[in-house]
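Structure incoming, see below.
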Ligand SMILES: [Mn+2]
């Protein structure tokens, strides 16, 4: 990504805005304990428009009938802080790096905002953020409102995130390349886990093998907390303890992936700890895999997302009937949500700068969006049979399976961006026994 990409995105955002001032703030640094901090992760909306990876920064977009203007506020370079925490770009550095109209020291922010808001009636912010810079802007707007003699004052405060995330929904070729890079590293990590897994290992040892590959290939971080769930642990959807022993004869479900230049990947594979599926495991695995392949095959421009969700639930319900876990007529089972006990989560989500990209799923009228080329989503059906669930035939109890790939919608249909990762029973057993 270079500064021209970010400039083009801001231009598109201006096109969606009415006249007014938009304020987008950087993420806060998060305290971990005492005086240590979590690794810094930029606010995805801010990064999308600007590319700056520093905290205490604010981006201000101004749109009038005559002109548009972008102002970036950054923390000044400070030699003492540079010694301890590394050099910041500072005002001059940021002016060189980013194609914005003005760069200012962030100490000038509040004074300049107070002046700016006198000239506009619309203020765009993240309505759901508690960022201090946004609270200051709202307070400034409020005090102008109650000041006599001010000709114009803010009459509407609107959500800027909806507009930004509408843009984020369609990925450019450059963004897709970054996602592909994240997936390529993640593929290697999943294959390594399959090859290295042995009965008696701990779940965290597989996580460590994957983290090594993420970091050794230059990925900045995991895209989300890894799930490495042996046996019945797979039936806890957000299992992140990863401390149990992996047992001979069990499956292990791994939902883990890395982030590359802030772009996520999100991959799940489920494979046998000892490298060979049992008959019962293979039956459930192939049932989930068939659903996943059918759902992916249905993806093309124009297909509505809520139709795909319904279709996936029908397929999962059919699979549950086929496995002898549910009995009756499919549509009435779905009506009664019987399938939800074993298939509780949705078929997938948008993916991009956030692993769960917060882009809209419905249009402004609330109707499901239709797929368009450039959208990227996960497809991740799963079936989960708890070990103590007596409604399930004994042979299937304790089996939890999810299979997740990352799919790009193309003009012709779709591209499975993670198609290189072993997925069929034969491919997985082959990889496990390499
Ligand atoms: Mn996912």
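Taking other Cβ within 10 Å of each residue's Cβ, how do 97, 258, 197 sort, fewest first?
Ascending Cβ contact count within 10 Å gives the list 97, 197, 258.
Suppose a student asked you for the relative contact order of the range 7-120, using Cα pairs under 8 Å spaced at least 6 residues apart; what percent would you report?
24
Find the centroid of the Cα atoms in the range 314-334 and in the range 95-159, then give the distance between the two in whole Å.
When both Cα centres are located, 55 Å separates them.
Can you bin every Cα-Cα distance in the range 86-132 into 10 Å intervals starting at zero and give me the percent of pairs per bin, rounded to whole numbers?
Bins of 10 Å from zero give 19, 38, 37, 5 percent of pairs.
Against the longest principal axis of the chain, how steep is helix 279-297, in degrees 0 to 90 to the nearest 10, with axes from Cα atoms?
Once rounded, the angle reads 40 degrees.
Which residue, 336, 209, 94, tops the fluctuation ranking in a GNM of the chain built on C-alpha contacts under 10 Å?
Among 336, 209, 94, the largest mean-square fluctuation in the Gaussian network model of the chain belongs to 336.
Calculate for the chain the 222 nm mean residue ellipticity that helices alone would give, adding -39,500 (n - 2.57) per DSSP H run of length 4 or more and normalising by residue count, nearest 500 deg cm²/dmol. Display every interim value, and only then the final one.
On the way: 13 runs with 156 residues, N = 434.
Value at 222 nm, helices only, nearest 500: -11000 deg cm²/dmol.
Further question on the same structure: Once label points are set 7 Å from the Cα along Cα→Cβ at both residue 135 and residue 294, what is their separation, rounded to one decimal in nm?
It is 5.2 nm.
Another question, if that's okay. By how many degrees, 0 to 90 and rounded to 10, does the Cα axis of helix 305-322 deviate from the longest principal axis of the chain?
With both axes taken from Cα atoms, the answer is about 20 degrees.
If you don't mind, there's one more thing I want to ask. For the residues 50, 359, what sequence is obtained by ranking on other C-beta atoms within 10 Å, fewest first? Let's see the in-between values first.
Working: 50 27, 359 24.
Placing the least packed residue first, the sequence is 359, 50.
Next up: What whole number of Å gives the distance from the Cα centroid of the range 285-312 to the Cα centroid of the range 401-434?
Computed from Cα coordinates, the inter-centre distance equals 14 Å.
Still on this model: So what is the relative contact order of the range 173-432, in percent, for Cα pairs below 8 Å that sit 6 or more residues apart?
23
Same structure, new question: Provide, as a two-decimal number, the C-alpha radius of gyration of the chain over 2.2 N^0.38 Å, N being how many residues it has.
My calculation over the Cα atoms of the chain gives 1.12.
Take residue 310 and residue 162, extend 7 Å from each Cα along the Cα→Cβ direction, and tell me the distance between the two endpoints in nm.
It is 2.5 nm.
Now for a different question. Tell me the angle of helix 203-216 to the major Cα principal axis of the chain, expressed in degrees between 0 and 90 and rounded to the nearest ten.
50
When 254, 71 are ordered from fewest to most other Cβ atoms inside 10 Å of their Cβ, what list results?
71, 254
Using the beta-carbon distance between residue 389 and residue 114 and R0 = 60 Å, what value does 1/(1 + (r/R0)^6) give for FRET efficiency, to the nearest 0.05?
About 0.45, to the nearest 0.05.
Quick check on the range 173-432: take the gyration tensor over C-alpha atoms, sort the square-rooted eigenvalues as a ≥ b ≥ c, and tell me if it's rounded (a/c under 1.5), prolate or oblate.
The shape class here is oblate.
Taking 0.36 nm per intervening residue step and subtracting the Cα-Cα distance, what contour gain separates residue 279 from residue 102 on full extension?
Length difference between fully extended and current span is 57.2 nm.
Which residue, 42, 207, 142, has the most motion in a Gaussian network model of the chain that connects Cα atoms within less than 10 Å?
So, out of 42, 207, 142, the one fluctuating most is 142.
None of the figures in this text is laboratory data; all of them are computed from the coordinates on show. Bear in mind the structure is a predicted one, so any value in this text is a computation, not a measurement. Note that we place each Cβ from the backbone using ideal geometry, even for glycine, and neighbour counts take in every protein chain shown.
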